[in-house]
1. If you average the alpha carbon positions of the range 102-128 and of the range 650-705, how far apart do those two centres end up, in angstrom?
2. Sorted by average packing, counted as other Cβ atoms within 10 angstrom per residue and highest first, what order do 308-318, 26-36 take?
3. Relative contact order for the chain using alpha-carbon pairs under 8 Å, separation at least 6, rounded to a whole percent?
4. Residues in the range 526-549, backbone N under 19 Å from the label point at GLU606 (7 Å along the Cα-to-beta-carbon vector): list them, ranges by number please.
5. Give me the percent of the accessible area of the range 385-466 that comes from carbon and sulfur atoms, probe 1.4 Å, all protein chains in place.
6. Set the bar at 18 Å for Cα to Cα. Now go through LYS190/LYS263; LYS507/LYS611; LYS211/LYS660; LYS211/LYS674; LYS206/LYS288 and name every pair that lies beyond it.
7. In a shell of Cβ-Cβ distance under 11 Å around GLU531, excluding GLU531 itself, what net charge do Lys and Arg (+1) and Asp and Glu (-1) give?
8. Would you list LYS590, LYS600, LYS348 from the most to the least accessible area, probe 1.4 Å?
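The values are calculated or read from the model by the stated rules, or taken from the named source; none is laboratory data. None of the values given here were measured: they were computed from a predicted structure. Note that we place each Cβ from the backbone using ideal geometry, even for glycine, and neighbour counts take in every protein chain shown. All accessible areas refer to the heavy atoms of the entire protein, side chains included, with ligands and DNA or RNA removed. Shrake-Rupley method; radii C 1.70, N 1.55, O 1.52, S 1.80 Å.
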Amino acid sequence: MYTPERERELIELTRKLLKDIDKIRSASLEEAGAYVQKLREVINYHDYKYYVQASPVISDYEYDQLFRALRDLEKKYPQLITPDSPTQRVASEITGSFPTVRHYTPMLSLDNAYTEEELRDFDRRVRELTGLEVVEYSVEPKYDGAGIALVYRDNLFVRGATRGDGETGEDITNNLKTVRTIPLRAEFSKFGIRLIEIRGEVLINKEEFKKMNEERLEEGLPPFANPRNAAAGSLRLQNPAEVAKRKLEAVVYQVSYVEPESKHPETHYEAVKMLHLLGFKTPFKDMKVCRGIEEVIDYCREWEEKRESYPYEIDGMVVKVNRKEFYEVLGFTSHHPRWAIAFKFKPKQATTKLIGVVFQVGRVGTITPVGKLEPVEVGGVTVSSVSLFNEDFIREKDIRIGDLVLIERAGDVIPYVVEVIKEARDGDEIPIEFPRECPSCGSKLVKLPGEVAWRCINIACPAQVILRLKHWGSREAMDIRGLGEATAKALYEKGLVKDVGDLYYLKITDLIKLPGFAEKAAMNLYNAIQESKNRGLDRVLYGLGIRYVGLTTAKKLAQVIDSIWDLKDMPLEKLESIEGIGDVVARSIKEFFSREENLKVIEKLEKAGVKLRRTKLEKEGPLKGKIFVFTGTLGCCSREKAGEIVESLGGIFANSVTSKTSYLVVGQEPGRTKLSRAKQLGIPTISEEEFLEMIKDYVNIDELRRERKEGYLF
Ligand code: IVH
């Protein structure tokens, strides 16, 4: 146990050591003695925070820096090693709620390289030990998820386990059976394999992660900090049915044990290819065999660039000696194999101070607290503010101004406070007061039942009006170049515009009055506003900023109505029957059109000549106007691809069967709901062959099949 004072001291010491990390590396024996002691003190403390209390106070990267500094000093001065040094043990993750099982081979960690030089050192060691002049490496992404080991016996998935302490893990077979990308049967016998243990990672893709967190926030639950925590937390749920609801995926990247041994693939590349061919999700398409370390470095850098656009969170690249014959001579340490290393990208977590909070009013009146930070670099980007989401989030984490906070930037997600380092408090921290009045217009804020956010419901609130104008002018909406937030603000403050309808009555002489607007700029803005009149109904619907009506919903609406006025008196049930429009969205649309002030804006738009009617009924093409729904697996391509084809030929691709559906295309193992609904409504069902018959003159079906065969895994 640590007293609060001691914790503060240790955090202070941690920060000092991190600052001095370069000095530590070049320490003399005398200095090293003191450093080693201090490093052990802080590492033991952070181990305790991480493993015992499950509330780390530094980022993994910072921890790693400390650990490596200690390990390197001990290596340089072996006389300083003691048996109780934190470097002398392997960490455990066992929590005790699942039965434990022994792995076929120990599930080790990977050594890390943070610089190109460290990769070259690794290569030097490999060359020395193998005697090779040029080493062949296989390089693949390092997935940031939860590690798993899967066992297949006689082609059947018989056991799945967590990493645990590396020797034994938790048996989570039933949970893993709910993960769709883990085949329950795979034909390893085709490769002469009776029993195999493979390693991989359970993940949640970034998009699902974002959705999952949005849902959690809506439900008032704390969001997960990153996809890794979300995946690891999901795997440990005690009820497999709950696990199945989380959109988990598993990717496998390593064969660790094979019976009979003679059937172990000769290279890592071959091993992953085998898994790929057997239907596993693997890094096969994203891995590269490189000759020599310089090629490896280039490939790692290439990936560091595209890391953000990758659908999964990756924290580096794994470099593995490709040929298995060298594994034995290279061997293992107690911590990692010597034939592999992880090249880590820049970290995405950091600790910094929260120096203030501002409250922002959103376009629909939601009040969002935004934390102001002492600027800090996180994964190559300087971060100086962070969303604090809502009042509940602040209360739950007990975030105070002046706190030291651990922040993380994961995926495309805005930076997020993972943890408040309470141990670093000195008593001067100030609790955050949530306002009860709108910071923009001063009206009383409300919290609607079932919502976590406070909202300003004054439709004339200046902050909201300005953001609505800006949204109307945005590229996806009416695309009015020159109508950014600053111009919107100026137009509003000069009293020239109160809503989007007023924009169309502005004269050039009005625009010249705006600060910084010469004649040319005024002309341009005037023309841009006039041009926007013909953007179309979908863009108008989106531009109006109706709550929950995003671009997709706006497009769907625009397909089924002739004029915007159709929405005015449309009954709720009819709105809800539109494909893709649920209860919440329908209510929001209804509410919008029930407000007199909104109808007035629409009238103004109409009078000014803004197009509010559907122009083109359907896209041209051989499937014009036909609505297709698919169920089950298709042999020719994925359902998404089939949807793209339908749309490219003028048809409409929909997800559920309604009375408007033209055909339900039935593939292998179709879903019962869609089939019975089609039967109920008398919608014709057709086979995949019949569908292909319809499109065969426009699409090269053989090529489609070939693409599916090669690319269906990723
Ligand atoms: S190979 C003996 N390949 O990273 C080597 N590991 O930090 C076995 N990881 O424990 C690991 N992506 O959970 C390997 N492509 C990849 C990986 C990967 C992620 C994880 C794995 C490992 C950890 C080490």
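1. 51
2. Numbers: 308-318: 19.4, 26-36: 13.9.
Descending mean neighbour count gives 308-318, 26-36.
3. Numbers: 1227 pairs, mean separation 65.1, N = 714.
Averaging sequence separation for qualifying contacts and normalising by length gives 9 percent for the chain.
4. Taking a point 7 Å out along Cα→Cβ of GLU606, the residues of the range 526-549 whose backbone N falls under 19 Å are 533-546.
5. Numbers: 1890 of 3510 Å².
With neighbouring chains kept in place, the figure for the range 385-466 is 54 percent.
6. Working: LYS190/LYS263 11 Å; LYS507/LYS611 20 Å; LYS211/LYS660 29 Å; LYS211/LYS674 25 Å; LYS206/LYS288 24 Å.
From the list (LYS190/LYS263; LYS507/LYS611; LYS211/LYS660; LYS211/LYS674; LYS206/LYS288), the Cα-Cα distance tops 18 Å for LYS507/LYS611; LYS211/LYS660; LYS211/LYS674; LYS206/LYS288.
7. Working: positive: ARG481, LYS533, ARG535; negative: ASP479.
In short, +2.
8. Working: LYS590 70, LYS600 120, LYS348 20 Å².
The most accessible residue leads, giving LYS600, LYS590, LYS348.
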